[in-house]
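Structure first, then comments.
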Amino acid sequence: MSDSSPLLEVTDLCTTFTTPTGPVAAVSGVSFTLNHDETLGIVGESGSGKTVLSRTVMGLQPRRNVVVTGSSRLNGVELVGASEAEKRRVWGLEVAMIFQDPMTSLNPVMRIGKQIDEILRVRRGLSRSAARDRAIELLELVGIPSPTQRYREYPGALSGGMRQRVVIAAALAGSPQLLMADEPTTGLDVTIQAQILNLLDDLRARLRMSVVLVTHDLGVVATRTSRLVVMYAGRVVEVGSTRDLFARHRMPYTRALLEGSPRLSNPAHTRLVTIPGRPPNLAQLPAGCSFAPRCAYATAQCHVERPELQPADGLGHYFACWNPLPTPTGVS
Ligand SMILES: Nc1ncnc2c1ncn2[C@@H]1O[C@H](COP(=O)(O)OP(=O)(O)O)[C@@H](O)[C@H]1O
Ligand code: SF4
Ligand SMILES: [Mg+2]
């Protein structure tokens with residue numbers, strides 16, 4: 001696959017859970033692409049479907065009680081409906097995922113080094129001693145001091161930030177082209193958050209990876225992504241370059257997210273994003289725009305007709321709104 005074709009191409013992806021109370025449309029008709037060496041942000045309030053989308057993109061949804069339609073192609077290989085054998089070939093080697101809580105990815109009763117060794121031996125076929133050397137190198141690469149000593153320790157001996165570094169080292173063991181990071185710094189204190197985000201940035205550039213950074217916090221993605229996908233109630237409601245979305249977003253929900261971001265609107269505030277009202281129940285989505293019950297700009301049409309994504313002025317900038325915010329003048 002040449003570098004000019006997208007690394008990841010997601011088309012009309014839908015994930016619906018079958019629950020005793022009926023279908024839950026967690027992801028509906030999501031499309032986006034990710035290029036080589038790019039960092040894409042997926043942003044939205046808690047419950048907007050970011051995690052379900054990330055897992056579906058990787059083909060990680062279980063087969064029971066969930067229906068996935070659409071397409072997610074990594075280097076041209078379809079992951080929706082792929083066999084477990086096909087997915088195992090891709091996971092770790094072409095794409096790896098890190099989550100909010102590093103302990104969900106680490107085995108608490110296994111030494112740190114062994115957890116990385118295993119991946120290197122099983123996935124990359126390294127010998128025991130080569131795997132050990134490479135694991136120590138990876139621990140060093142992610143900025144763990146005294147990696148030779150740390151190699152022998154258990155995850156419990158490390159701080160939250162250091163554990164996330166270990167998870168990143170393990171994710172890099174397969175030399176993936178794509179790293180999906182789902183709220184990788186939520187729960188860490190602000191200084192450590194910045195260190196981990198800087199590390200991801202640095203690794204992306206050094207290892208020529210692409211990164212998908214999933215977060216509810218626009219402060220996290222402001223300077224670290226080239227493009228953003230904004231999600232609400234399982235749909236993409238605005239997408240475009242990070243610059244366009246910050247300077248001339250058209251969707252009231254995107255504005256509300258920006259205003260609610262503690263670090264962007266009021267650095268002294270530490271509270272998380274709060275938009276008045278609550279996200280809709282995905283089992284009973286309103287007929288029109290899902291944001292209508294909470295939107296200050298809603299008109300009668302918003303309650304009955306769902307707005308489709310339409311192009312804005314900027315390249316690749318699209319928004320779904322009947323009453324878009326005006327483009328500010330004087331912003332280029
Ligand atoms: N296994 C499941 N069964 C039913 N609903 C689910 C399941 N997993 C997630 N959901 C629903 O999907 C929605 C989106 O969740 P999620 O992707 O975790 O949001 P986010 O990551 O943006 O906070 C939530 O409303 C959640 O309740
Ligand atoms: S379509 Fe209507 S309700 Fe939805 S965001 Fe736009 S103005 Fe608000
Ligand atoms: Mg999530």
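The values are calculated or read from the model by the stated rules, or taken from the named source; none is laboratory data. Quick caveat, the model's predicted, so the values are computed rather than measured. Cβ coordinates were reconstructed from backbone atoms using ideal geometry, including for glycine residues, and neighbour counts include every protein chain displayed.
Below, the figures for the structure above:
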item: Index of the failed condition, Arg294 passing every other in (1) over 21 Å from Val30 (Cα atoms); (2) more than 16 Å from ligand 1 (Cβ to nearest atom); result: (2)
item: Any pair with Cβ under 9 angstrom, 6 or more apart, that starts in region 89-112 at a residue that is under 13 Å from Ala157 (Cα atoms) and ends at one that is surrounded by fewer than 14 Cβ atoms within 10 Å (Cβ to Cβ) and among the aliphatic types (A, V, I, L, M); result: Ile112/Ala157
item: Any hit, region 164-187, residues being of a type in the set (Asp, Glu) and on the phi > 0 side of the Ramachandran plot; result: yes
item: Residues being in a loop (DSSP other than H, G, I, E, B) and among the basic types (Lys, Arg) - total across region 45-70; result: 2
item: Number of the exception - Ser105 against (1) within 16 Å of ligand 3 (Cβ to nearest atom); (2) at pLDDT 95 or above; result: (2)
item: Conditions (1) charged (D, E, K, R); (2) within 16 Å of ligand 1 (Cβ to nearest atom); (3) assigned to a loop (DSSP other than H, G, I, E, B): number failed by Asp37; result: (2)
item: Single match in Leu79, Leu34, Leu13, Leu7 (criterion: within 13 Å of the chain's Cα centre (by Cα), of a type outside the set (Asp, Glu), on the phi < 0 side of the Ramachandran plot and surrounded by 20 or more Cβ atoms within 10 Å (Cβ to Cβ)); result: Leu34
item: Pair list, Cβ < 6 Å and 6+ apart or interchain, from region 197-221 residues that are more than 17 Å from Ala173 (Cβ to Cβ) and at pLDDT 90 or above to residues that are among the basic types (Lys, Arg) and within 16 Å of ligand 3 (Cβ to nearest atom); result: Val214/Lys50
item: Test: residue in region 277-292 that is surrounded by 11 or more Cβ atoms within 10 Å (Cβ to Cβ) and assigned to a helix (DSSP H, G or I); result: yes
item: Residue tally, condition of a type in the set (S, T, N, Q) and either within 16 Å of ligand 1 (Cβ to nearest atom) or under 11 Å from the mean Cα position of the chain (by Cα) (or both), over region 209-224; result: 1
item: Hits in region 56-74 - residues which are closer than 15 Å to Thr11 by Cα and under 18 Å from the mean Cα position of the chain (by Cα); result: Thr56, Val57, Met58, Gly59, Ser71, Ser72, Arg73, Leu74
item: Lone qualifier among Arg88, Arg123, Arg132, Arg73 - being assigned to a helix (DSSP H, G or I), buried (at least 16 other Cβ atoms within 10 Å of the Cβ) and out of contact with any helix residue (DSSP H, G or I) (no Cβ under 7 Å at 6 or more places or on another chain); result: Arg123
